[in-house]
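Here is the structure we will look at.
The values are calculated or read from the model by the stated rules, or taken from the named source; none is laboratory data. This one's a predicted model, so the numbers in the text were calculated from it and none came from an experiment. Note: ideal-geometry Cβ built from the backbone for every residue, glycine included; neighbour counts use all protein chains shown.
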Amino acid sequence: MLTLDKCYIISEIGVNHGGCVETAKKMIKASKEAGANAVKFQTFTAEALVSRKTPKVEYQKLTTNKDESHFDMIKSLEFKRDDHLPIISYCQSLDIDFISTPYDIESAHFLDKLGVDIFKTASADIVDLPLHEFLASTGKNVIISTGMATLGEIESVLNIYRRNNNNNVVLLHCVSNYPCKFDSLNLKVIQTLQHSFHVPIGYSDHAMGVYPAVISVALGARVIEKHFTLDKDMIGPDHKASSTPEEFKALVEAIRMAEISLGSPVKQVQDEEVQMRLVSRKSLFVSKNIAKNTLICEDDLTLKRPGTGLSADLISKIVGTKALRTLKQGEMIQYGDFS
């Protein structure tokens, strides 16, 4: 079970390891040091995922060899089956959660047999209903990205999990571009998803900088995913839009500060406000001399700092009473001064 008492932060290594186990381990270690709760990989075979005539999308054309096909790009980025177990063991040794995105049912079966407890599905696969049927049947945690999806498509997928009595589902708001523009983020959709589906909502962040993720936390996001790289100049399609270790650490720190700042919805006097409250609030003072046994009038009273005396809500109870002693201008009035 995912524990979401505070924001769960995922370092999306994805395919940025380039198929190299040692690079993957360096990324896991750097992610842990930056404060991530989990690292996420992708589990697929090129043959099962991509037809040979699949074109590259625009950002892939800009970040990879133009003479390389989409199929060949995907093939070069495969996370080999034999590499999973040592990577999972390495994550366990560092006490960081291992997550992977299966792109087909066979890959999902493989991860399930390895004992993986948390699956993540790609935005594009919200229409792969057989894949979701299998994942729902495991009863395990499934984080579902919703980029490019309509509310109706999201509802259809969630119905699969409901039929399987799997309540361990998180939806991630997402915009499927790398990087995506700020004016397309529509972070208010996080609240739309909350109100529509009543499951935990998170945010898969493909924008630059820390601000969108911080805003998403303020809007209620409980899971944040962000692409991770050791160096933006590394070879591969996703490095340019990924966070370096330093950027990811800054992201984590900003999210944790946002959580602290959001605090509790209960309005109450904070400990650090007590002194200011006593000094800067006002109390009732005598505005001019009042002889003993004289009726106190409203213009005999004024409000001044500090706030350690009687408050203004007592004016109506004091006006019309008698002064029990001679009250001098500038005195703070006390309960025993009138009757």
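Looking across region 309-325, the residues that are surrounded by 14 or more Cβ atoms within 10 Å (Cβ to Cβ) and β-branched (Val, Ile, Thr) come down to 315, 318, 319. Against the numbered list (1) free of Cβ contacts under 8 Å to residues at least 12 places away in the same chain; (2) part of a loop (DSSP other than H, G, I, E, B); (3) not aromatic (Phe, Trp, Tyr), residue 187 comes up short only at (1). Scanning region 15-64 for residues that are over 19 Å from residue 110 (Cα atoms), surrounded by fewer than 17 Cβ atoms within 10 Å (Cβ to Cβ) and of a type in the set (Val, Ile, Thr) returns 23, 54, 57.
Residue 338 meets the conditions (1) within 30 Å of residue 29 (Cα to Cα); (2) touching a residue at least 12 places away in the same chain (Cβ under 8 Å) in every case but one. The failed one is (1). If you check 148, 208 for being over 23 Å from residue 106 (Cα atoms), at pLDDT 95 or above and either in the same structural domain as residue 254 (by TED's automatic domain parsing) or touching a strand residue (DSSP E or B) at 6+ places or on another chain (Cβ under 6 Å) (or both), only one passes: 148. Filtered by the rule that a residue be without any contact (Cβ under 8 Å) to a residue 60 or more places away in the chain, outside any helix (DSSP H, G or I) and hydrophobic (A, V, I, L, M, F, W, C), region 147-170 gives 148, 149, 169. Look at (1) in contact with a His (Cβ under 8 Å, 6 or more places away or on another chain); (2) modelled with pLDDT of 95 or more; (3) over 29 Å from residue 47 (Cβ atoms) and you find that residue 111 fails only one, number (3).
Scanning region 222-250 for residues that are under 15 Å from residue 175 (Cα atoms), assigned to a loop (DSSP other than H, G, I, E, B) and among the aliphatic types (A, V, I, L, M) yields one hit, 241. Residues of region 288-308 that are buried (at least 18 other Cβ atoms within 10 Å of the Cβ) and in a loop (DSSP other than H, G, I, E, B): 296 alone.
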